[in-house]
Structures are given as C-alpha cells and as structure tokens.
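Just so it is clear, none of the values below were taken in a lab; they were calculated from the coordinates. Quick caveat, the model's predicted, so the values are computed rather than measured. Neighbour counts run over all protein chains shown; Cβ positions are idealised from the backbone, glycine included.
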Ligand SMILES: Cc1cc2nc3c(=O)[nH]c(=O)nc-3n(C[C@H](O)[C@H](O)[C@H](O)COP(=O)(O)O)c2cc1C
C-alpha cells in the first residue's frame, strides 16, 4: 500500500488508526460537571487544544479553493485555535499571518541552513506565533536526502537545532519526533515544543504517535517543552486520548481536507467545533474539569 501524501510503501496509517481505536475509555460521571477546554500554549490562552495542521501542497486536495491555507487560517482565528502552516513561500506565509491567526510556521530541513534561518527571521518579523522544523522530512524514499519542489533537504544535527532555536525570540518547535531519544535531544537543545508525529508515514512501520507519547511525556516531565501530537486525530475522542496520553494539544491533519475542500473556512470551522463538542462531552463523562485534569487511568489499553 502506498501513502497518498508521502508516496512511501507503508501500512503506517492503518496501524495508527487501529491503535487509536483500540484504546477504550471508562466513565467517571458522578460529581463531574461540564468541562472547560481553554488551553494555554506558550503563555497565550486559546479556546481549544485542537489545532489546524502544518499543511502545504494543497492544490490537488482543494482544487475548488483558490487559497485553502488562508481559509483554514481564518477558521482557526474565529475558533481562537492555534493555526499551523508548512512548506509555503514566505509571501504565502505573510498572507496567512495577515488573517490574524496565531500561526506556527514549520520550515523544511533544507540543506541550505541560511534559507532556514531566513525563513525563521521572516516569520518572526511578520508576527508568527512560533516557528519550527519538520526533521522527519530529511530522507527521501530513494536512499538519498529528499528533494521537495526542487529544494534539497539535508541532515539536522543537535547543533543546528540549538542554532535555530537561539536565532529567534519565538518559541521553536521540532516536528516529527517519534522516540524518547529525539525528544530528550530536543529538550537539551532548548526547544519550546515538539510534535510527536510520523508525518503520515515517513518511515514504513512507524510506531503510532499515541503509542510512544506516554514515554516521551514521562521523559520530558519537569521540562518546559510543550508536547503536540498529530496523525489520524479525527474526532474529539481521538484528541482526548492524545491529551490523556501526554499531549498538550493536537493537530487535525487529513481529517480536515474533506471539509476544507467542500466548504472552505466554514468546513474547517464546523469540523473543529464538532471536535470541541466531542472533547467536552468525553471529558465530562470521565470527570475531567479541564484539559490539565484528564486522568490517563480512564484509558484502557490492551
Ligand atoms: C497535503 C499535506 C501537506 C503536508 N505538508 C506538510 C508540510 O509542509 N510540513 C509538515 O511539517 N507537515 C506536512 N504535512 C504533514 C501533516 O502536518 C501531518 O503531520 C500529517 O498529515 C499527519 O497527520 P494526519 O494523519 O492527521 O494527516 C502535510 C500533510 C498533508 C496531507
């Protein structure tokens, strides 16, 4: 089976979905009241821990939409949710930032490190909420460093991460962490956040992010590093499971494509609003007053 986005021969997405679905939830209703899902991220308050994804290359997915990235940013702004954007030109990033959405700009691991530093500076000067790098896009599927849109990718060392993080006043995030080892390295480099993710299958047989999350959360306990997660987060129940397993917030990736394609901004607004309602409901049923009060022992994992 080939993954539609990465083109890699994987069964990763099926296994990731199955793992999330295999987790069961017990009820703790007595004394529980309607929860509050406001979430603090890097010192700012948001109405929800559910966020939009770091996307790019959206034309084939949203051919009826001229500017899908702007539309989902507008939805994030209305939802008071964090917005993310991936490999886009600085000009597109500027347009997104002009929507007023609090946006995390994820930059590719270009071999040209000056390009990375320049995109970090541009994002900072134009009001990004945070910046980061998706380290899991270093390698292609041909035994070489990847080439994306003609751009050469290159390796990312701890020294590089230290330099990128130190080059900006903004929170710096490493996206594509799928091991305790990398999470600990990120913390040692002074990053503000990590995204636990396999990027919809960059490597065959990648472990489901929610499976590795508890170990990563334990390893980072006592640090200030925020833990974000993505991959197959499609409902408020999925978001709840990720939060219970150690995430501070989650991105909705491909599950957002269909609503975005059909209804643009309204579709994304509706999708995340529905997920918020589902999250509030499951938190109520498990006795969690707010996202910081979710007890992981409500989960039954076989
Ligand atoms: C069309 C598309 C474009 C993407 N572009 C980027 C990107 O530029 N940078 C990035 O870090 N991740 C990118 N991703 C990966 C997503 O941010 C996310 O990690 C991945 O889709 C897994 O989440 P999901 O299973 O909810 O889709 C992209 C994914 C898709 C489907």
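Taking a spot 7 Å from the Cα of residue 263 along the direction of its beta carbon, which residues of the stretch 218-245 have an amide N less than 11 Å from it? Hits in the stretch 218-245 for residue 263 at 11 Å: none.
The length gained on full extension between residue 218 and residue 124, counted as 0.36 nm times the residue separation minus their Cα-Cα distance, comes to 30.7 nm.
Counting 0.36 nm for each residue step from residue 38 to residue 59 and taking away their Cα separation leaves a gain of 4.3 nm. Modelled spin-label separation between residue 89 and residue 149, with each label point placed 7 Å from Cα along the Cα-to-Cβ direction: 0.9 nm. Using the rule -39500 (n - 2.57) for each DSSP H run of four or more residues, divided by the residues of the chain, the 222 nm mean residue ellipticity is -12000 deg cm²/dmol.
Can you tell me how the stretch 187-302 classifies by the Cα gyration tensor, rounded, prolate or oblate, using a/c under 1.5 as the rounded cut? Present the calculation step by step, with values, prior to reporting the outcome.
On the way: a/c = 1.71, a/b = 1.21, b/c = 1.41.
In terms of gyration-tensor shape, oblate.
From least to most packed, judged by other beta carbons within 10 angstrom and beginning with the fewest, 297, 56 follow the order 297, 56.
Here the stretch 83-126 is treated as an ellipsoid with the same Cα gyration tensor; its semi-axes, largest first and in whole Å, are 18, 10, 8.
Sorted by packing (mean other beta-carbon atoms within 10 Å per residue), highest first, where do 140-147, 102-109 land? Mind showing how you got there, number by number?
On the way: 140-147: 12.8, 102-109: 25.5.
Ranking, from highest mean packing down: 102-109, 140-147.
Neighbour counting of Cβ atoms within 10 Å sorts the residues 52, 39, 92, fewest neighbours leading, into 92, 39, 52. The mean sequence separation of alpha-carbon pairs under 8 Å and at least six residues apart, normalised by the residue count of the stretch 12-300, gives a relative contact order of 25 percent. As a proxy for reagent exposure, ranking 57, 199, 137 by other Cβ atoms within 10 Å from fewest up yields 57, 137, 199.
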